[in-house]
Amino acid sequence: MGEAPAAPDASGRPARGSVSSAVLVPVPQAERIVAEWRARHDPVAAAGVPAHVTLIVPWLPAAEIGAGPLAELAEVAASTRPWEFRLTGVAWFGRRVLWLVPEPAEPFAGLTARLAERFGTPPWDGEFEDVVPHLTVGRAEGDPTSLDHVGEELRSLLPIDCRADELWVMLAAGRRWSVRARLGLGRRSRVAGLPGAKPWSARGRPSAP
């Protein structure tokens with residue numbers, strides 16, 4: 001990751017402002033296929049972010065992520081059944097970002113919408129009208145065809161059977177991302193507060209200072 005503020009987000013897109021946190025679904029089943037390509041072509045892989053599908057980025061400022069918002073997020077996770085999905089195809093954002101297509105996409109999009117409404121944190125700060133669930137493999141630097149061979153090889157290795165059963169909250173610190181919380185889907189998760197965190201209101205908004 002770039003240094004915060006103005007760090008890239010958890011899918012590798014440059015952020016317009018400070019990115020301090022993200023909520024994502026880790027996809028460990030994809031690591032055996034994409035880990036090598038991500039290590040070479042996705043800057044966030046080296047920064048500590050696993051293969052994943054992003055739900056919300058940016059989420060909350062790190063100083064506000066204490067026991068209150070994490071408990072609310074854990075409630076959402078506990079009320080969401082885990083689901084099976086497949087990575088079925090290769091796609092591009094503008095010939096610069098290579099990604100894998102999760103199917104069905106609706107559970108990811110639906111959970112993103114629930115989190116955005118609950119916490120008042122629209123994905124990408126509302127920059128994009130449509131939110132497309134995706135697993136980023138890499139970003140083309142310079143020549144936009146530089147990842148074509150990666151896409152072709154990945155097509156021969158699909159589909160990949162996967163399961164969404166956790167939400168991760170990740171925090172950016174300098175050039176690194178770290179896991180703040182792992183919350184199970186369909187089950188209760190214990191969370192701990194972050195020292196110095198601001199209080200959280202019952203409506204899921206930071207309390208006024």
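Where a number appears in this text, it was derived from the coordinates with a stated rule and is not lab data. For clarity, every value in this text was computed on a predicted model and none was experimentally measured. Glycine gets a Cβ as well: all are built from the backbone with ideal geometry, and neighbour counts include every protein chain shown.
Computed from the C-beta positions of R175 and A63 and an R0 of 25 Å, the FRET efficiency is 0.80 to the nearest 0.05. From the residues A116, F93, I160, which one has its Cα farthest along the dipole of the stretch 21-184 in the positive direction, the dipole being from +1 and -1 charges on Cβ of Lys/Arg and Asp/Glu about the Cα centre? Farthest towards the positive end: I160. Taking label positions 7 Å along the Cα-Cβ direction at both R81 and R95, the computed distance is 4.3 nm, reported to one decimal. Close amide-amide hydrogen proximity is noted between H134 and T54, each under 5 Å apart and 5 or more residues distant or on a separate chain (H modeled in the peptide plane; Pro and chain starts excluded).
Between the beta carbons of E141 and A113, assuming R0 = 30 Å, the FRET efficiency works out to 0.35 to the nearest 0.05. Placing +1 on the Cβ of every Lys and Arg and -1 on the Cβ of every Asp and Glu, with nothing else charged, gives the stretch 21-184 a dipole about its Cα centre of roughly 400 debye. Computed from Cα atoms alone, the Kirkwood hydrodynamic radius reported for the stretch 18-156 is 16.0 Å. Once the Cβ-Cβ distance of R187 and A35 is raised to the sixth power relative to R0 = 35 Å, the FRET efficiency obtained is 0.80.
Sparsely packed loop sites in the stretch 122-173 (the chymotrypsin sites (Phe, Trp or Tyr not before Pro) outside DSSP H, G, I, E and B with at most 13 other Cβ atoms within 10 Å) comprise F128.
The distance from the alpha carbon centre of the stretch 142-194 to that of the stretch 47-61 is 7 Å, rounded to a whole number.
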